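Below: one structure, written as structure tokens.
The values are calculated or read from the model by the stated rules, or taken from the named source; none is laboratory data. On a predicted model such as this, the values are computed, not experimentally measured, just so you know. Counting neighbours? That spans all protein chains shown, and the Cβs are built from the backbone with ideal geometry, glycine included. Only protein heavy atoms, including side chains, enter the accessible area calculation; ligands, DNA and RNA are left aside. Shrake-Rupley method; radii C 1.70, N 1.55, O 1.52, S 1.80 Å.
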Amino acid sequence: MCGISGFVSNELDQSVIAETAKSMSAQIKHRGPDNSGIWIDKNIGIALAHQRLSIVDLSMAGAQPMVSYCGRYYIVFNGEIYNHLDIRSQIKEAIKWRGHSDTETLINAISYFGLEKTLQKIKGMFSFALWDKSSKQLTLAKDRIGEKPLYYGFSGESLVFASELKAIIKFPSFSKIIDRNALSL
């Protein structure tokens, strides 16, 4: 099942970024009891957290957050890429692979083909958050059917996301006030 969470925030004090990421991730621990990981860049105010349920690659080579072979991209991923072996075979000579996970295939395909082309190639059920260190851009993506959950929104000036709402509620400036106008829509 796995679970992802994180944020991009310029309003959080650097001293609470790691604690906030841990608190959010702890709320979805049941989604991935095998392992957990957090990647942060305090200077930018970004955190990516992952709760892992090991299925495809049981080794630590499949641990997340994961960085691409070129060091440009960081990803937290929930789901399965059904055709990852086919995609991997298209780029296998260009990369020194660490493991056998579909996450590693996905992030390195993004690095090799680009995000848009990779999204067109992959088949599966997924949601992920991808940080591009070069452009300082966060991309949130879901499969075409929307099978894997991904909630996101703004809390003040911060973009917050997670596989479940209870992780987002742990963000310090999150307000539980219901927007009645949005509710009527």
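What the table below lists for this structure:
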| quantity | calculated |
| --- | --- |
| Positive-end extreme of charge dipole, the chain - chosen from Val76, Gly32, Met125 (charges on Cβ) | Met125 |
| Cα-based convex hull, region 1-87, per residue volume (Å³, whole number) | 98 |
| Region 113-185 - Rg and Dmax from Cα coordinates, angstrom | 14.8, 43 |
| Cα extents of region 3-44 along the three principal axes, largest first (Å) | 30, 14, 14 |
| Cα long-axis angle, helix 14-26 against the chain (0 to 90 degrees, to the nearest 10) | 70 |
| Net charge dipole size for region 18-78 [Lys, Arg +1 and Asp, Glu -1 on Cβ; Debye, nearest 20] | 80 |
| Solvent-accessible area per residue, Å², over the chain with all protein chains present [probe radius 1.4 Å] | 52 |
| Extension gain (nm, one decimal) between Asn10 and Ala94, 0.36 nm per residue minus Cα-Cα | 26.6 nm |
| Distance in nm between pseudo-label sites at Lys142 and Lys22 (7 Å out along the Cβ direction from Cα) | 3.1 |
| Cα long-axis angle, helix 102-113 against the chain (0 to 90 degrees, to the nearest 10) | 80 |
| Förster radius 35 Å - calculated FRET efficiency between Lys133 and Asp179 (Cβ-Cβ, nearest 0.05) | 0.55 |
| Accessible area of the chain belonging to carbon and sulfur atoms, whole % at 1.4 Å probe | 51 |
| Candidates Ile81, Ile107, Ile145, ranked by Gaussian network fluctuation over the chain, Cα under 10 Å, top entry | Ile145 |
| Restraint check, Lys121/Lys166; Lys117/Lys166; Lys136/Lys176; Lys117/Lys170; Lys121/Lys148, Cα-Cα greater than 24 Å | Lys121/Lys166; Lys117/Lys166; Lys136/Lys176; Lys117/Lys170 |
| Region 78-166, dipole about Cα centre (Lys/Arg Cβ +1, Asp/Glu Cβ -1), debye to the nearest 20 | 180 |
| Bins of 10 Å, starting at 0 and running to the largest distance - Cα pair percent for region 64-159 | 15, 51, 28, 5, 0 |
| Nitroxide proxy distance, nm - points 7 Å out along Cα→Cβ at Asp34 and Lys166 | 2.2 |
| Using alpha carbons only: equivalent-ellipsoid semi-axes of the chain, gyration tensor based, whole Å | 27, 17, 16 |
| Among Met24, Met125, Met60, residue whose mean-square fluctuation peaks in a GNM of the chain (springs only between Cα atoms under 10 Å) | Met60 |
| Dipole magnitude of the chain, debye to nearest 20 (Cβ charges: Lys/Arg +1, Asp/Glu -1, about Cα centre) | 100 |
| Relative contact order for region 1-53, counting Cα pairs under 8 Å that sit 6 or more residues apart, in percent | 52 |
| Value at 222 nm in deg cm²/dmol, rounded to 500, when DSSP H runs of n ≥ 4 in the chain each add -39,500 (n - 2.57) | -7000 deg cm²/dmol |
